[in-house]
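Computed from the coordinates by the stated procedures, all read-outs in this text should not be read as laboratory data. Remember, predicted model here, so these are calculated numbers, not experimental data. No Cβ is skipped: glycine too gets one built from the backbone with ideal geometry, and neighbour counts run over all protein chains shown.
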Amino acid sequence: MSGLVSILADGIAYGMLLFLFSIGLSITLGLMRFINLAHGAFAMCGGYVAATLLNLYGVPFLLTLPAAAIFTALVGMAAERSVIRHVYGMPELQQVLFSIGLAFAAGAVANIIFGPQQQPMILPDWLTSRVDILGVEITGYRLFLMGFGLVAAGLLAALFNFTLFGARVRAAVDNRRAAEGIGINVGRLFAITFALGAGFAGLGGALAVGFLGLDPTFPLKYLVLVLMVVAIGGPGSIGGSFAAAIALGAIDAVFKYFVPQVGGFVIYGLLVLMMLFFPRGLAGRTA
């Protein structure tokens, strides 16, 4: 029983990372109708910022997280204002090709600057030590990821459900033309929302270095899983993305441990079934 709880804890921690990776893509896809397959590049950016600050400059781990999020958000806003905003009106295939090109370009730049090797992450002792909870030993890092993910989900839900900014985003999601008609600057809203999504991706990337590793292939390595979370949860849905990410993480961990022969297939089979019976995702909304 304790073994199953430990496996589920690993899966939930993994799911929290998937949530942080994917929520920005879910929000921007739901709002902007932009298929941004370069979203993983922002996660990679945050990972490299955190690893560099921690390993080379000795910045405390907790301070590297906001630094990674803010820096990546600024990069995302600059990219959106200079390049990406010109792609919004293009056909979907061109959006896919453009964003995939950006992801490969980001990986190439990372390879030039940091090299192809995995980046080490020197974590503090309180994250590497194991904690005994009701007879189950869980690393501090996994507990931190689970707690951090819950806080992030709560803050995002509050932001989009109980603030003026959230009301404007929902208005733009439901009817962009009507939102513009009542004076909402949708272009500026796009830039802020894109930066917010990029910042959360960068935060997820910073948290993932010690869990998943980091190298220049990162933007594409986890792209399929991020797209699965968005597709199952529903574009623009925070709650749907959270539920999908946690479920995928837990199911993936359990099946890979107990039935390793088919463990890698299960979540992809689940995606097929979900798309057959819930084509709009758990939120019942299309992009």
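All Cα-Cα distances of segment 37-170, cut into 10 Å bins from zero to the largest, leave 10, 28, 33, 22, 6, 1 percent in each bin in turn.
Given just the C-alpha atoms of segment 179-287, how large is their convex hull per residue in cubic angstrom? Write out the running numbers ahead of the final one.
On the way: hull volume 13.4 nm³, N = 109.
Cα convex hull per residue, to the nearest whole number: 123 Å³.
Going from the fewest other Cβ atoms within 10 Å to the most, the residues Phe278, Phe144 appear in the order Phe278, Phe144. Each Cα pair under 8 Å and six or more residues apart adds its separation to the average, and for the chain the resulting relative contact order is 39 percent. Going from the fewest other Cβ atoms within 10 Å to the most, the residues Val266, Val259 appear in the order Val259, Val266. Within the shell defined by Cβ-Cβ distances under 12 Å, the residues around Ala253 carry a net charge of 0, with Lys and Arg each +1 and Asp and Glu each -1. Scoring 206-216, 191-201, 40-50, 177-187 by mean Cβ neighbours within 10 Å over their residues and listing the highest first yields 40-50, 191-201, 206-216, 177-187.
Please tell me the relative contact order of segment 144-211 in percent, rounded to the nearest whole number, where contacts are Cα pairs under 8 Å and at least six residues apart. List each step's numbers first, then the result.
On the way: 20 pairs, mean separation 11.7, N = 68.
Taking the mean separation of contacting Cα pairs over the length of segment 144-211, I get 17 percent.
In segment 46-150, taking the dipole from charged Cβ atoms about the Cα centre, the farthest positive-side position among Gly107, His86, Phe71 is held by His86.
Among Arg85, Arg142, the order by Cβ neighbours within 10 angstrom, fewest to most, reads Arg85, Arg142.
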